[in-house]
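Structure, as structure tokens:
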Amino acid sequence: MAIKMLMFDFRHSEEKFFQEHNFENFDITFFEESLNEDTVKNLTQEQLEQTTVISVFINSEVTQDVIDKFKNLRIISTRSTGIDHINHRICVDKNIDLVNVGTYGAKSVAQYTVGLMIALIRKIIPASKYVLNKEFSCQSFIGHDISKLTIGVVGTGSIGAAVCKLAHSMGMKVLAYDLVQKQELLNEIDMEYVGLETLIKQSDVISLHVPFTGENKHMFSEKEFQNMKPNAYIINTSRGEILDTVALYNAILANRIAGAGLDVVSCESYSFKCNQFSRRLGEDMSCMKEAELVPKLAEMPNVIITPHIAYETQDAIDYLLEMTFKGILDCIKGGSKFKNL
């Protein structure tokens, strides 16, 4: 009998993978909608009773109420590394396997990060707008030689390490901060691990590549922005909660830093106009306060904000799906219950 599986947050970019692969042991139903307490009500009784595997992305909110609706759920697979959109404690209590993807799209995110950096430093966005509406003086587009700058990379996992290598290849001086230093990275390129405060004070560009643990919320806030160079930029392609949006807005408004490139922001379900509005907003008004500043930040000529797409290359998406199904099959065959956690 085929394994009944529901896949939520299904996107056009994922269709190619399923056209090229045959999952004859799976009976998969695809939903473009995210899974949450509203959309679970639209499922049939048969789907709620017979589904054993669900797959979601970060836009879904898999709460206890959602999980309790399924009567025979055995595996929850998220096509992401982060799992904070899933109540994983309930998964433990109900003996449900939770599968995530340990790492994916490292090169894609690193390339995107460098792209944001170049666009900011060379003022590509305002220059492009000038062609359309002639609002800016050409003198506003003077940038800097990237090879003369220092980049500070916070977090040297697979993505951070890839950023270090790309920055080094462009002649940048590379500083890095991490709780665990990667000797193989030190052996490969000319770089230096330093303390976080030193990195902040000496870097012309700071790029964030750390996972959100809850304890590191607003790791970069008012104090960190005050210690940055006034001509320095900050880039965040990791998690929005790492960076205090209110403090960032105030720092840019006061010209304490040069600008920012953000592919992630706090309260993404609100800021990026996803289908659902995060229920957590009612519990955390600070999230709402940060979200309200995102449109104002986006209007600034020295700020670039994109809707969490740094990883989105077809190569990364195909790899993510491949690892997703490998993880699911491993669980079905009796492998590790909690993958990559």
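Things to note:
- Across region 216-225, coupling constants 3J(HN,Hα) worked out from phi with the 6.51/-1.76/1.60 Karplus curve, θ = phi - 60°, read 9, 4, 6, 4, 10, 9, 4, 4, 5, 5 Hz, and Gly and Pro carry x.
- Each residue of region 81-96 is assigned a 3J(HN,Hα), and the resulting list reads 7, x, 10, 6, 8, 10, 6, 6, 5, 5, 4, 5, 4, 9, 6, 9 Hz, derived from the Karplus form 6.51 cos²θ - 1.76 cosθ + 1.60 (θ = phi - 60°), x at Gly and Pro.
- Calculated on C-alpha atoms, the gyration radius of region 16-151 divided by its Kirkwood radius gives an Rg/Rh of 1.20.
- For Asp27, the residues 5 or more places off, or on other chains, whose built amide H falls under 5 Å of its own are Ile3, Lys4, Met5.
- Converting phi to 3J(HN,Hα) with the Karplus coefficients 6.51, -1.76 and 1.60 and the offset θ = phi - 60°, region 64-78 yields 4, 4, 5, 4, 5, 5, 8, 8, 10, 5, 10, 9, 10, 10, 10 Hz in sequence order, with x at every glycine or proline.
- Calculated SAXS-style log₁₀ I(q)/I(0) at q = 0.18, 0.27 Å⁻¹ - region 188-264, Debye, Cα scatterers: -0.69, -1.42
- Semi-axes of the equivalent ellipsoid for region 129-232, computed as √(5λ) from the eigenvalues of its C-alpha gyration tensor and ordered from largest down, come to 28, 18, 13 Å.
- Distance from region 24-62 to region 192-230 (C-alpha centre basis), Å: 39 Å
- Neighbour-limited loop hits for trypsin sites (Lys or Arg not before Pro), region 62-142 (at most 15 other Cβ within 10 Å; DSSP other than H, G, I, E, B): Lys71, Lys94, Arg122, Lys134
- Here is what passes the span test in the chain: the DSSP H helices with alpha carbon length of 24 Å or more along the helix axis and a Kyte-Doolittle mean of 0.0 or above are 314-332.
- 26 Å Cα-Cα threshold exceeded, pairs from Lys107/Lys229; Lys94/Lys182; Lys123/Lys165; Lys173/Lys296; Lys165/Lys201: Lys107/Lys229; Lys94/Lys182; Lys173/Lys296
- Taking trypsin sites (Lys or Arg not before Pro) across region 1-57, the ones in a DSSP loop with at most 14 further Cβ atoms lying within 10 angstrom of their Cβ are Arg11.
- Lysines whose Cα lies under 17 Å from that of Lys333, excluding same-chain neighbours fewer than 8 positions away: Lys4
- Amide proton proximity set for Ile305, modelled H, under 5 Å, gap of 5+: Leu262
- Calculated mean residue ellipticity, 222 nm, the chain: -10500 deg cm²/dmol, from DSSP H runs (n ≥ 4) at -39500 (n - 2.57) each, averaged per residue and rounded to 500.
- Net charge, Ala232 excluded, C-beta distance under 13 Å - Lys, Arg +1, Asp, Glu -1: +1
- As a calculated quantity, the FRET efficiency between Lys94 and Lys41 at R0 = 22 Å, using C-beta atoms, amounts to about 0.65.
- Evaluated at q = 0.06 Å⁻¹, the base-10 log of the normalised Debye intensity for the chain, with identical point scatterers placed on the Cα atoms, takes the values -0.24.
- The GluC sites (Glu not before Pro) of region 152-223 meeting both criteria, a DSSP state outside H, G, I, E and B (loop) and at most 12 other C-beta atoms within 10 angstrom of the site's C-beta, are Glu215.
Readers should treat all values here as calculations from the given coordinates under stated rules, not as data from a laboratory. Please read these numbers as outputs of a predicted model, since none were measured by experiment. When we count neighbours, we look across all protein chains shown, and the Cβ atoms used for this are built from the backbone with ideal geometry, even at glycine.
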